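This report concerns only the one structure given below.
The values are calculated or read from the model by the stated rules, or taken from the named source; none is laboratory data. The structure presented is a predicted model; accordingly, all values stated were derived computationally and were not measured. Positions of Cβ are backbone-derived with ideal geometry, glycine not excepted, and every protein chain shown enters the neighbour counts.
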Amino acid sequence: MLLTPYDSVNLARLLYLFDIFAAVVFAVSGALVASRKRLDVMGFMWLAVVTGVGGGTLRDLLIGAPVFWVHKNATLLICIGAALLTWLVSRRFIAERALLWFDAAGLAAYATYGAAKALSFGVAPVPAFVMGVLTACAGGIIRDVLAGEPSILMRPELYVTAAALSSGLFVGLALLGLSLPIAGGIAAIAGFTLRGLAIARGWSLPAYND
Amino acid sequence: MLLTPYDSVNLARLLYLFDIFAAVVFAVSGALVASRKRLDVMGFMWLAVVTGVGGGTLRDLLIGAPVFWVHKNATLLICIGAALLTWLVSRRFIAERALLWFDAAGLAAYATYGAAKALSFGVAPVPAFVMGVLTACAGGIIRDVLAGEPSILMRPELYVTAAALSSGLFVGLALLGLSLPIAGGIAAIAGFTLRGLAIARGWSLPAYND
Amino acid sequence: MLLTPYDSVNLARLLYLFDIFAAVVFAVSGALVASRKRLDVMGFMWLAVVTGVGGGTLRDLLIGAPVFWVHKNATLLICIGAALLTWLVSRRFIAERALLWFDAAGLAAYATYGAAKALSFGVAPVPAFVMGVLTACAGGIIRDVLAGEPSILMRPELYVTAAALSSGLFVGLALLGLSLPIAGGIAAIAGFTLRGLAIARGWSLPAYND
């Protein structure tokens, strides 16, 4: 299988939208943690930026790509803007429940996009799968560590699992030769569905019991 | 605006002194956390190194520069020396109050230097501003996470804000075409002044209140 | 002293075995923390991967080498396999005492290997020494931070010290011109012995006492 960085212009455009969308959703989730911790406005911005771009930053460092937000102003401005908006409108006007669903969409989008970007840089399939999971989850994990909250990892909520489903499906379907936009669509929808079911029905993985 | 890596030899020399100075101050602040936590001498060295070089390391990885302490021995030796000295002279002989002021100077110096280095590597203005803040604050944040202390982020003390003032002013003045040594001087003094006022008068940003 | 990346084919082969061995041992130690925290199976895999490859990843990013697990599938599969095995056989069947000794061997192997790899990339001696310590300890530190446990750094158990002995001895002996396999053998045995004595006799460094 050969994947060029811009295998499909349509896919690239779609993924770019996914990317912005996920950055906004994650930035807001960082700002909401800042509001719960009653931080000042700098804390809002810092947590929003770290959560919004953390996962993709780690991915780019690991695969040897230029870090995606370093050579343009837009990504950071969007994250900082999302932080200020959250700070202004106050937590009471943002429905945490709605955000949970947007976050699920961001998670699936980032996991799929992360795996696709890794493959396009010639990363082997298993590490590419891990890159998808990292892209989707690392921002939230860094946010929780910085805020001193128990991290996503500690909660058995099918969060990491949903990211793994999107990322794994995309890598698998791409290896099978499926066209990339179709593989990406299937992968993103599958991860979103699993996460959505976990939110709606309270599904979780069994905790370890020795 | 075009910035070459060595736009001004005088600026480069001045910034090199800033750099060593800030590394020493931050290394001592890491060793003091180790003394408060009653670590052994290895813990002193580890926290001193991480705090002294952490912010600049993250900056260099993100902008794609070779990490500044990897190809020479001096930087690490200075940090390790600062740790051993702190360990030997005991905390009682280091006035925490004096260190607070040195730390303020290190903060302003690193924030200015970080933004300047990022611009000289062709980073866009908004990310260059963030790099300045990162260079100044990330070492202390990593120190706090490793030591299990509530991080700078959680305290509304105009710490990150002072770094943002220095970094933002430098980027803004450089974009306006000011000569770099003058822009750097103004930026560093402004950040130091703001942080100094926060120390002297207990200023802080209002915490979030929904 | 000139070190080519493959100064000695035998050394390279030996170090490769060290590498796989240490990754497995550290991955199991990550999975054991997951079992103590009663995480789900995704948490097992995540902590195993982070602990198994974390230190070497940081080293490679810092010295500017391609990250060692990104272009092959084997390393991650081994870590994930170790996590699943630990999850299946249950903690009761893994003797923590035995693991402590394997971990000591992994520590000495990784510290020696990390310093050797850094020197082979032209890193200066003091940073190369730090890279050895980082390779051996950073995975465990990240594991403890993610799991919310007090990190190795906080315990005066001659853990970091044993890594520093292996790494420092290797760099020193290599600088003195000793053949690398011999330097590596001496360094690894010395670190393992020190760590072993600490385990067997409960040795530790004195905590700071002001």
* Structure fact -> The one condition residue A:66 fails out of (1) modelled with pLDDT of 90 or more; (2) under 22 Å from residue A:194 (Cα atoms); (3) not hydroxyl-bearing (Ser, Thr, Tyr) is (2)
* Structure fact -> Residue hits (region C:63-73; touching a residue at least 40 places away in the same chain (Cβ under 8 Å) and either more than 16 Å from residue A:60 (Cα to Cα) or surrounded by 22 or more Cβ atoms within 10 Å (Cβ to Cβ) (or both)) are C:63
* Mind checking whether some residue in region B:141-159 is at pLDDT below 90, closer than 22 Å to residue B:124 by Cα and part of a helix (DSSP H, G or I)? -> no
* Kindly indicate the residue of region C:170-188 that is of a type in the set (Val, Ile, Thr) and surrounded by fewer than 22 Cβ atoms within 10 Å (Cβ to Cβ) and also modelled with the highest pLDDT among those meeting that condition. => C:186
* Any hit, region A:171-179, residues being of a type outside the set (Val, Ile, Thr), within 18 Å of the chain's Cα centre (by Cα) and either more than 12 Å from chain C (Cβ to nearest Cβ) or not in a helix (DSSP H, G or I) (or both) -> no
* Structure fact -> Of the candidates A:106, A:55, the one satisfying the condition of being assigned to a helix (DSSP H, G or I), buried (at least 16 other Cβ atoms within 10 Å of the Cβ), modelled with pLDDT of 90 or more and not β-branched (Val, Ile, Thr) is A:55
* Do any residues in region C:189-208 that are at pLDDT below 85 have Cβ atoms under 9 Å from those of residues that are of a type in the set (Phe, Trp, Tyr) and part of a helix (DSSP H, G or I), where the two are at least six apart or on different chains, and which pairs are they? -> C:208/B:44; C:208/B:87
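Inspect all residues belonging to region B:106-116 and state whether any of them is within 8 Å of another protein chain (Cβ to nearest Cβ) and not hydrophobic (A, V, I, L, M, F, W, C). Please lay out each step first, then the result.
Looking only at region B:106-116, we keep the residues that are within 8 Å of another protein chain (Cβ to nearest Cβ), and these are none.
No - not one qualifying residue is present in region B:106-116.
Based on this model, can you work out whether residue C:26 counts as in contact with a helix residue (DSSP H, G or I) (Cβ under 6 Å, 6 or more places away or on another chain) and within 12 Å of chain A (Cβ to nearest Cβ)?
Working: in contact with a helix residue (DSSP H, G or I) (Cβ under 6 Å, 6 or more places away or on another chain): yes; within 12 Å of chain A (Cβ to nearest Cβ): no.
The answer is no for residue C:26.
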* To do: Can you confirm whether region C:74-87 contains a residue that is outside any helix (DSSP H, G or I) and over 16 Å from the mean Cα position of the chain (by Cα)?
  => no
